[in-house]
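First up is the structure itself, then whatever we jot down about it.
The values are calculated or read from the model by the stated rules, or taken from the named source; none is laboratory data. The structure presented is a predicted model; accordingly, all values stated were derived computationally and were not measured. Positions of Cβ are generated from backbone atoms using ideal geometry, with glycine treated the same way; all protein chains shown enter the neighbour counts.
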């Protein structure tokens, strides 16, 4: 269970917001949680190595199946193999009139 502080991202219509969930200085297990507070938003959860190496995909919403508020919390654990940051890109690609409030948190 992720017990770290919650981070909020307000995603404007048609926009993408990137959020850092957790940064680690060495290999570590990171518990994470994501949710959308109203309607829906797509997401891409990924690990960005501190050495500038390629991103590692952790989890993402399926094409044409965004995370919906009624789905509640999506959670998991990722083993970071090295120093870096667990990040999430929330995309409001379905809403053209309203922003979407997305929440996330993580703990090592």
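Values as computed for the structure displayed
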read-out	value
Condition broken by residue 2, with the remaining ones in (1) surrounded by 14 or more Cβ atoms within 10 Å (Cβ to Cβ); (2) modelled with pLDDT of 95 or more; (3) closer than 22 Å to residue 100 by Cβ satisfied	(2)
Selection within the range 24-46 - more than 16 Å from residue 72 (Cβ to Cβ), surrounded by fewer than 17 Cβ atoms within 10 Å (Cβ to Cβ) and within 14 Å of the chain's Cα centre (by Cα)	none
Any hit, the range 21-29, residues being in contact with a helix residue (DSSP H, G or I) (Cβ under 6 Å, 6 or more places away or on another chain) and at pLDDT 95 or above	no
